[in-house]
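Student: Below is a structure I'd like to ask you about.
The values are calculated or read from the model by the stated rules, or taken from the named source; none is laboratory data. Keep in mind the model is a prediction, meaning the values are calculated, not measured. FYI the Cβ positions are ideal-geometry reconstructions off the backbone, even for glycines, and counts take in every protein chain you see. The area values use the complete protein model at the heavy-atom level, side chains included, leaving out ligands, DNA and RNA. Shrake-Rupley method; radii C 1.70, N 1.55, O 1.52, S 1.80 Å.
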Amino acid sequence: MREITYTSKGPLVRNVYRCGNELVVLPGGSFPDICVGCGKQAHGNTINKEFYDLGDLWFLLPSFLGFAAYVIRKQYFFDFPFCSNCPPGSFHITKMRCDDHLSAFIGAHTNFIDSLPFASLDLVEERNRGWLERRFRWLHG
């Protein structure tokens, strides 16, 4: 299993965008200091979340394939800003996509999303690529 830290704490917001009501994060992104749960100041607090690129349904594969998928999956870590007033159960962000090119989530508070710059047209196009297109991107040149 390969572990990839996708975001880090940093003084500047970088590689984090909004695409409609979605949070889009590029590798090496740094979030604003705004709680994703309630939209208030996070004061430097973060909550670490991990996501996997093969999804959570790998166990539906036959036993050998399921085991192989479990072993080769990639694990992505995110340090989401989270204030000390919000209980961990109020974290309702949902992964839409997570791979080496970008990650997309829904469920972040409106104030958090509104603090982010809009995604460029190229980023929106990449966000909207289907699973098959992403797997065979090398064919597109």
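Student: Residue by residue through the range 84-101, note down the ones that are open to solvent by 30 Å² or more (accessible area, probe 1.4 Å) and modelled with pLDDT of 80 or more.
Tutor: To start, the set of residues in the range 84-101 that are open to solvent by 30 Å² or more (accessible area, probe 1.4 Å) comprises 84-85, 87-90, 92, 94-96, 100-101.
Passing the criteria: SER84, ASN85, HIS92, THR94, LYS95, MET96, ASP100, HIS101.
Student: Is there any pair with a first residue in the range 100-126 that is within 11 Å of CYS19 (Cβ to Cβ) and a second that is assigned to a loop (DSSP other than H, G, I, E, B) and β-branched (Val, Ile, Thr) whose Cβ atoms are under 6 Å apart and which are 6 or more apart or on different chains, and what are they?
Tutor: Within 6 Å, the pairs are PHE105/ILE93.
Student: For the range 82-97, which positions are without any contact (Cβ under 8 Å) to a residue 24 or more places away in the chain and outside any helix (DSSP H, G or I)? Break it down stepwise before answering.
Tutor: At the first step, the residues of the range 82-97 found to be without any contact (Cβ under 8 Å) to a residue 24 or more places away in the chain are 87, 89, 94.
Of everything in the range 82-97, those that are without any contact (Cβ under 8 Å) to a residue 24 or more places away in the chain and outside any helix (DSSP H, G or I) turn out to be PRO87, THR94.
Student: Go through the range 8-18 and count every residue that is under 17 Å from ILE106 (Cβ atoms) and either at pLDDT below 85 or open to solvent by less than 30 Å² (accessible area, probe 1.4 Å) (or both).
Tutor: Pass one, the range 8-18, residues under 17 Å from ILE106 (Cβ atoms): 16-18.
Still in the running and either at pLDDT below 85 or open to solvent by less than 30 Å² (accessible area, probe 1.4 Å) (or both): 16.
Count: 1.
Student: Name the residues in the range 23-42 that are crowded, with 22+ Cβ neighbours inside 10 Å and within 14 Å of GLY107 (Cβ to Cβ), would you?
Tutor: To start, the set of residues in the range 23-42 that are crowded, with 22+ Cβ neighbours inside 10 Å comprises 23-25, 31, 34-37, 42.
Within the range 23-42, LEU23, VAL24, VAL25, CYS35, VAL36, GLY37 qualify.
Student: What residue, among those in the range 102-140 that are in a helix (DSSP H, G or I) and open to solvent by 90 Å² or more (accessible area, probe 1.4 Å), is farthest from GLY29 (Cα to Cα)? Walk me through it before giving the result.
Tutor: The initial filter retains those residues of the range 102-140 that are in a helix (DSSP H, G or I), namely 110-114, 121-127, 131-135, 137-139.
Filter once more, so that each one left must be open to solvent by 90 Å² or more (accessible area, probe 1.4 Å): 121-122, 125, 131-132, 135, 138-139.
On the way: LEU121: 18, ASP122: 17, GLU125: 19, TRP131: 22, LEU132: 25, ARG135: 23, TRP138: 24, LEU139: 27 Å.
Residue satisfying both the conditions and the ranking: LEU139.
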